[in-house]
Every structure is written in structure tokens, then in C-alpha cells.
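Enquirer: My structure is below; once you've seen it, I'll send some questions.
The values are calculated or read from the model by the stated rules, or taken from the named source; none is laboratory data. Here the structure is a predicted model, which is why all the values come from computation and not from measurement. Using ideal geometry, Cβ is built from the backbone for each residue, glycine included, and neighbour counts are taken over all protein chains shown.
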Amino acid sequence: MKNTSPALASILTGSFTTRLVIDSFYGPTRTKEDLGEDGWELNWNSEGEIKSAGRVDIVYTDDLAQSLTPNEFADTLAPFGQELNILLEVTAGDGFTETIQQGRYLITGVPDARDEHMNVLGELLTIGSRVTLTLEDRMVRIKRAGFRSEQAPASLASCWAELQRISGMQVIRSVADKPIPVGLIYKAAEGGRLDAVQALARILDGVAYITPDGALSVLPDVWGAPVAALVLGADGTILDVGHSMESEDVFNEIVGNFQDADRNPIYAVAAVITGPLATTGPFGRYTRYVTSEQVSTQAEADAYVRAALAIATSTQVYRVPVQCVLDPRLDDGDVVTVERPTGGTLTGRIANHRIGNDGTMSLELDVQRNV
């Protein structure tokens, strides 16, 4: 959850307005301050290769009749290293104003740019520019910067130290450090550096992402306590709650392939044999294959697949879409409770979300259901 004041929570249940505060940067130099906008959308996707992206329509009028349409590599809004720092400003009628950092984005494209001109005493002057920008977070730098040759980690002692080394970025250590297993190799291929970063993040039991301040961190694959409640009613913020049901990844058979100390194969199977998920029933057989170097006897193999089947059939994670009033405090990985129109409350973890200038927010929640 993003850092905000305690007062913001009550403001978001009433009437408020929002706008983006946009500053442009080229390296450490701020080139423009508080650029105007006329339409925008920002989205976050914890499952995506680039975790946060967006679009913004910049509108600009210069006191000296200068155009903001980029033509050269080093121009203010050109997609060659230029960045936008974006904050969301929330304002309420009682004098309340708060800004919440949303992200530090690279400009990766300019799909449309137009200048408006006026003829003044025979001289054609630019009276305004409208520039549409596509944005991606700093993860795109890692994706583009491939390794020149195949290589191993510089040290196996620390995942965090290696993340900082291969990314060249400031890191925020969000989870406990772990050593790197022997055998990890970075590939000299397109996107290989990003693959390496995510491989290290998986060792840390999470996924790498860029924080709103532009640092590299890891979103842990854990469910914390709910940080917010989305409710219905006169003071509520929910606009719509969907429903879904999936059979994907509901395994009812586990097949294990292992080896004993002499490298002789060991084979073990565990399956659901009763109820609606029985392998012999209408649902059919849905097989998952497992292995482990820790298993070296038949008894251990049998116990391993039974435990894996118990986990696979205990809960199902399914996706629930929610449309609500914009809440800039929320972020991917946050756990929230949602009041349903049909009664009852569900608890879900935000997998992705989108906000825009229409004042709404679209969420997709991972929700656990007992199988």
C-alpha cells in the first residue's frame, strides 16, 4: 500500500477531484515542471513483463511560442531516455490536498504529436502543443540491456547484491536475503538481463518490480492482512463486482518422478478418487508432475505426492474483477476485502489494476476458494 496520510481514507469516500502532477526529466535534470494533461491512464500488472505502463496526453502552451513536439533525440519529450515523474493530486472541497507518488516512467513512444499555430504579423507562431506519450516503468531499461556474453553470478552469497549489480539500480530490500543456488547462468539473449532479475526474485519467493519512486524491489508471494475494505452503500466506493470460476490449475492427480541414491527411478502417484474432482468422474484427469532431490525412497515419494495433492486440492485461486472509485493508496499485492451485492464479503489480493482520468479504478483480485 502506498504511503499516504490517515486523512486520505475518509476523503476518498466523499467528493474529491484528481489531477496528475507531471515533471519531465532528462537524466538528473528536470526539463519541465507540472506539465498539463488532457487525458491519461496508468496500469499495473504484477504478472506482466513490464509491471507498470501508461499513456498521457500532454497539453502545453509556451510563453515564448516554442513547440514541445519532439524532433531530436534530446528533446524534452523524445523517447530516448527522457522520463516523467508522475504524482496524483487529490483535492477535496474543505481545503484538503495531498499528492501520492505513482511512478517514474520512461517515455517509450510518441504515437501522436500536433502543434497549433497562429499567424501574427506575418510570422507563424506556435500557440500550443498536444503530445501523446506511451510510458513504461524503469524495468524496460533492464529488458533492453542484454548481457554481452553468457555468465554466472559474480557471487552466490546474496540475491540482493546480485540484483543491484546486474540491474545497476537502487534496490529496496523488501524480503529476507538468500544465497544463490549453484548452476544459475545468465543468458546472452534478448531480454536475458530481465530474465536473470526475475530468476533472482523467484529465489527470494517473489517477483521483481519497480517501486513508485523508481527503485527495484521484490513483491513477495504472500498474502498479508487486508489493508483496505471496499464497500457498497451511500458511503461505499464499489461500482461493480464480477464473478468467475476456472478449472485451470485445479489438479486432481500428482505424478512424481524421483531417483534413489543409486539413480534408480522411483515412481509415485496420488489421485482424487471420490467427489466431483475424482479422476474417474466427468471432470476427468488433470495431472501435475513433480520431482525433488530430497526424495530417495519409495516411502518418501509416496508421502511427497500425497502432500502435493493435498495442497493442490485444498484451495483454488480464481480471478474477480472489481470496478470502484479511484483509490490511489492501493497497489498490486495488497489484500483487500470486498462487499458483494449478493451478500457476504470476499478477501482478495490485487493482481493488477488500472486508474484513469475518469475517476474510477479497475482491479482484478486473486481470491482463494476451498475446493
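Enquirer: Hey, could you check the range 57-102 for residues that are in a strand (DSSP E or B) and of a type in the set (Ser, Thr, Tyr) and say which is nearest to Thr17 (Cα to Cα)?
Expert: Thr91
Enquirer: Scan Thr31, Thr18 and give me the residue that is modelled with pLDDT of 90 or more, touching a Pro at 6+ places or on another chain (Cβ under 8 Å) and assigned to a strand (DSSP E or B). Step through it out loud before you land on a result.
Expert: Numbers: Thr31 fails: touching a Pro at 6+ places or on another chain (Cβ under 8 Å).
Thr18 is the lone residue from the list that is modelled with pLDDT of 90 or more, touching a Pro at 6+ places or on another chain (Cβ under 8 Å) and assigned to a strand (DSSP E or B).
Enquirer: Would you say Val171 is β-branched (Val, Ile, Thr) and within 21 Å of Glu47 (Cα to Cα)?
Expert: Here the answer is yes, as Val171 does meet what is asked.
Enquirer: Output the number of residues of the range 341-371 satisfying the condition of being in contact with a Leu (Cβ under 7 Å, 6 or more places away or on another chain), surrounded by fewer than 15 Cβ atoms within 10 Å (Cβ to Cβ) and closer than 14 Å to Gly242 by Cβ.
Expert: Adding up the residues that qualify gives 1.
Enquirer: Applying the selection to the range 282-299, what residues are within 23 Å of Pro181 (Cβ to Cβ) and free of Cβ contacts under 8 Å to residues at least 12 places away in the same chain?
Expert: Matches in the range 282-299: Glu293, Gln294.
Enquirer: Does Tyr286 satisfy the condition of being over 18 Å from Asp366 (Cβ atoms), hydroxyl-bearing (Ser, Thr, Tyr) and crowded, with 18+ Cβ neighbours inside 10 Å?
Expert: No.
Enquirer: Considering the range 51-68 alone, what residues qualify as being among the β-branched types (Val, Ile, Thr) and either within 20 Å of Pro328 (Cα to Cα) or crowded, with 20+ Cβ neighbours inside 10 Å (or both)?
Expert: Val56, Ile58, listed by residue number.
Enquirer: With respect to the numbered conditions (1) farther than 17 Å from Val218 by Cα; (2) at pLDDT 95 or above, which one is the sole condition not fulfilled by Leu125?
Expert: Unmet condition: (2).
Enquirer: Would the range 270-281 turn up any residue that is part of a loop (DSSP other than H, G, I, E, B), under 24 Å from Pro181 (Cα atoms) and in contact (Cβ under 8 Å) with a residue 24 or more places away in the chain?
Expert: Looking through the range 270-281, none of the residues is part of a loop (DSSP other than H, G, I, E, B), under 24 Å from Pro181 (Cα atoms) and in contact (Cβ under 8 Å) with a residue 24 or more places away in the chain.
Enquirer: Then there is this: I need a count of the residues in the range 323-371 that are in a strand (DSSP E or B) and over 19 Å from Gly48 (Cβ atoms).
Expert: Going through the range 323-371 one residue at a time, the tally reaches 16.
Enquirer: Looking only at the range 339-365, count how many residues are modelled with pLDDT under 90 and among the hydrophobic types (A, V, I, L, M, F, W, C).
Expert: Counting residues in the range 339-365 that are modelled with pLDDT under 90 and among the hydrophobic types (A, V, I, L, M, F, W, C) gives 1.
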